[in-house]
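K.L.:
Below is the structure I would like to discuss, written out as structure tokens.
The values are calculated or read from the model by the stated rules, or taken from the named source; none is laboratory data. Just so it is clear, the model here is predicted, and its values are computed rather than measured. As a convention, Cβ positions derive from the backbone with ideal geometry for all residues, glycine included, and neighbour counts pool all protein chains shown.
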Amino acid sequence: MSKMPEKPREEFLVSAAGPAVNVVIAALLWLYIAFAHPVGIEEMEFETITLNNFPIMLLAANLFIVAFNLIPAFPMDGGRLFRSALSIKMSRLKATQIAKDIGQVFAVIFIVAGLFINPFLIIIGFFVLLGAKGEHEMIKYQDILKNYTVEDVLKKDYAGLGAEDTLGKAAEELVHISDRGFVITSDGSYAGILTRNDLVKGLSTHGRDGQVKEVMSKDLESVDAELPLFEAYINLRKSRLEIVPVMKNEEFAGILDLENVNDFLLIQKAIQ
């Protein structure tokens, strides 16, 4: 899966799958201990792992994992189960806010407990603390951008250069523009994009007399103008691209700039 399902029932089932695996393992171990390898627990030593006590210790470990994963500390499985249950009665954003707040309380408990019990709890605490905050931010962005498409923030006024232009000219032009790159044309048609990183690398390799077409990004995956804006935003962040071409009806329509999307987010956030 590329992401967690958004429908409460689907998220519940996916989140429950992890703990359910440990429940199945524990049940199989119990059947094995009860019928195939009965042992007297009261007479058993547990200071070291042996062939005799291993099934019981593994059963206990699986039961502990189930209990730990069901703690409602978002974004752990228990927190996701809690969020999906809340989402049935309220918006996903509000459910995430509540799950995040409760998760952060547990995160603080983990961190404090880790100082006295097991340092690994400190790591889990910080994971819950940062993970819950990060996912809540993403849900907020999704709520803000849900009714917009790429076309709503499409940048049509952009800096352009020809494929035959020199890198020296591009360097001079870059100083006087606010964009983070250029749209490159050849014979009047879209040919690629020259980012600042492309330009810097090109200058160090080819010098000022090198041509733009030698270093420009020709194979950047374009996005459709009708694509939901949040989906495009997530793809930009994952790919670590700042500028991508936008196509409408299979023709170049403009560029999608990550900085523009971030500005749009800030404005919409302030309005809301």
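K.L.:
Of these, Gly181, Gly162, Gly202, which one is surrounded by 15 or more Cβ atoms within 10 Å (Cβ to Cβ) and under 30 Å from the mean Cα position of the chain (by Cα)?
P.N.:
After applying the criteria, what remains is Gly181.
K.L.:
Among the residues of segment 173-198, which ones are over 15 Å from Leu241 (Cβ atoms), in contact (Cβ under 8 Å) with a residue 12 or more places away in the chain and in a helix (DSSP H, G or I)?
P.N.:
Glu173, Leu174
K.L.:
Can you run down the residue pairs with Cβ atoms below 7 Å, 6 or more apart or on separate chains, where the first is in segment 1-30 and of a type in the set (Val, Ile, Thr) and the partner is in a helix (DSSP H, G or I)?
P.N.:
Taking only residues 6 or more apart or on different chains, the pairs are Val23/Val66; Ile25/Asn62.
K.L.:
A further question follows. Residues that are closer than 30 Å to Val215 by Cβ, free of Cβ contacts under 8 Å to residues at least 12 places away in the same chain, out of contact with any strand residue (DSSP E or B) (no Cβ under 8 Å at 6 or more places or on another chain) and not in a helix (DSSP H, G or I): does segment 152-160 have at least one?
P.N.:
Within segment 152-160, one or more residues are closer than 30 Å to Val215 by Cβ, free of Cβ contacts under 8 Å to residues at least 12 places away in the same chain, out of contact with any strand residue (DSSP E or B) (no Cβ under 8 Å at 6 or more places or on another chain) and not in a helix (DSSP H, G or I).
K.L.:
Can you tell me which condition Asp263 does not meet? The list is (1) under 24 Å from Ala163 (Cα atoms); (2) exposed (fewer than 15 other Cβ atoms within 10 Å of the Cβ); (3) at pLDDT 90 or above; (4) charged (D, E, K, R), and all the others hold.
P.N.:
Unmet condition: (1).
K.L.:
Any residue at all in segment 234-250 that's part of a loop (DSSP other than H, G, I, E, B), modelled with pLDDT under 90 and among the aliphatic types (A, V, I, L, M)?
P.N.:
Yes: segment 234-250 contains one or more residues that are part of a loop (DSSP other than H, G, I, E, B), modelled with pLDDT under 90 and among the aliphatic types (A, V, I, L, M).
K.L.:
Provide a single number: the residues in segment 258-272 that are among the charged types (D, E, K, R) and in contact with a helix residue (DSSP H, G or I) (Cβ under 8 Å, 6 or more places away or on another chain).
P.N.:
1
K.L.:
May I pose another question? Just to be sure, is Ile102 among the β-branched types (Val, Ile, Thr) and within 28 Å of Asp143 (Cα to Cα)? If you could, list the steps in order and put the result at the bottom.
P.N.:
Details: among the β-branched types (Val, Ile, Thr): yes; within 28 Å of Asp143 (Cα to Cα): yes.
Yes: the conditions hold for Ile102.
K.L.:
Just one of (1) in a helix (DSSP H, G or I); (2) closer than 30 Å to Lys3 by Cα; (3) modelled with pLDDT under 90 trips up Glu231, so point out which.
P.N.:
Condition (3) is where Glu231 drops out.
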